[in-house]
Amino acid sequence: MAKYLLCFTVNGEYHELYIKPKRLLVEVLRDDLGLTGTKRACNTGACAACTVLLNGASVKSCSVLALQADGAEILTVEGLADGARLSPLQRSFLDHGAYQCGFCTPGMLVSAQALLDENPKPTREEIREGIQGNICRCTGYNSIIRAVEAVAKGKYKEKG
């Protein structure tokens, strides 16, 4: 089977890879780039554990062919932090206990970041709507909503 050149930027770093045409974006991120924060779970797009930002839009990377991301900018959960310094949203998730097993957390963080990028001051209802495609079987969502709400209310600054 022929391989095709995929050129894209992931978390600010440019990559060129030769890949088979039917490879999924989640496979390339995890297997080729080693970005294992993006979880592969349901393989149907139902759980959103594999959520990444593709040119600023929240997508389920198990439902996107990698070649569809050619020329794109991708942000994964690893790209939210600045080196060892967590983003405000990541710090808020920790402080509010917005995780238990942690499996959904990367997708939840990326979905919440997409919401905050689009609407920096969402209401509680808008936060619920913004994360509604993400399945969490542990937390009951309340701590996740409180964590996003705290960032929206300015309780977490970039530095810190």
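Let me spell it out: the conditions are (1) in the same structural domain as Ala46 (by TED's automatic domain parsing); (2) buried (at least 17 other Cβ atoms within 10 Å of the Cβ), and Pro106 meets all of them except one. Which number is the exception?
Every listed condition holds for Pro106 apart from (1).
Check whether at least one residue in segment 42-62 is closer than 26 Å to Arg146 by Cα, among the β-branched types (Val, Ile, Thr), out of contact with any strand residue (DSSP E or B) (no Cβ under 9 Å at 6 or more places or on another chain) and free of Cβ contacts under 8 Å to residues at least 40 places away in the same chain, and report yes or no.
Taking every residue of segment 42-62 in turn, none turns out to be closer than 26 Å to Arg146 by Cα, among the β-branched types (Val, Ile, Thr), out of contact with any strand residue (DSSP E or B) (no Cβ under 9 Å at 6 or more places or on another chain) and free of Cβ contacts under 8 Å to residues at least 40 places away in the same chain.
Please indicate, with yes or no, whether at least one residue in segment 97-113 is of a type in the set (Ser, Thr, Tyr) and assigned to a loop (DSSP other than H, G, I, E, B). Step through it out loud before you land on a result.
In the first step, residues of segment 97-113 are kept if they are of a type in the set (Ser, Thr, Tyr); the result is 99, 105, 111.
Keeping just the survivors that are assigned to a loop (DSSP other than H, G, I, E, B) gives 99.
There is at least one residue in segment 97-113 that is of a type in the set (Ser, Thr, Tyr) and assigned to a loop (DSSP other than H, G, I, E, B).
Taking segment 65-95 only, how many residues are farther than 19 Å from Val148 by Cβ, outside any helix (DSSP H, G or I) and among the small types (Gly, Ala, Ser)? Steps first, please.
Of segment 65-95, the ones farther than 19 Å from Val148 by Cβ are 65-74, 78, 82-85.
Adding the requirement that they be outside any helix (DSSP H, G or I) leaves 65, 70-74, 82-85.
If we keep only those that are among the small types (Gly, Ala, Ser) too, we end up with 71-72, 83-84.
So the count comes out to 4.
State yes or no: is Gly133 in a loop (DSSP other than H, G, I, E, B), in contact (Cβ under 8 Å) with a residue 60 or more places away in the chain and touching a Gly at 6+ places or on another chain (Cβ under 9 Å)?
For Gly133, the condition - in a loop (DSSP other than H, G, I, E, B), in contact (Cβ under 8 Å) with a residue 60 or more places away in the chain and touching a Gly at 6+ places or on another chain (Cβ under 9 Å) - is met.
Could you say whether any residue in segment 115-122 is under 20 Å from Ser63 (Cβ atoms), at pLDDT 95 or above and not assigned by TED's automatic domain parsing to the domain that holds Thr51?
Residues of segment 115-122 under 20 Å from Ser63 (Cβ atoms): 115.
With the extra rule that they be at pLDDT 95 or above, the set shrinks to 115.
From what's left, not assigned by TED's automatic domain parsing to the domain that holds Thr51: 115.
Yes: segment 115-122 contains one or more residues that are under 20 Å from Ser63 (Cβ atoms), at pLDDT 95 or above and not assigned by TED's automatic domain parsing to the domain that holds Thr51.
Considering only segment 27-64, how many residues are crowded, with 16+ Cβ neighbours inside 10 Å, within 11 Å of the chain's Cα centre (by Cα) and either aromatic (Phe, Trp, Tyr) or not in a loop (DSSP other than H, G, I, E, B) (or both)?
Residues meeting the conditions: 8.
The values are calculated or read from the model by the stated rules, or taken from the named source; none is laboratory data. Values in this document were obtained by computation on a predicted structure and should not be read as measured data. Heads up, the Cβs are rebuilt from the backbone with ideal geometry, glycines too, and the neighbour counts pull from every protein chain shown.
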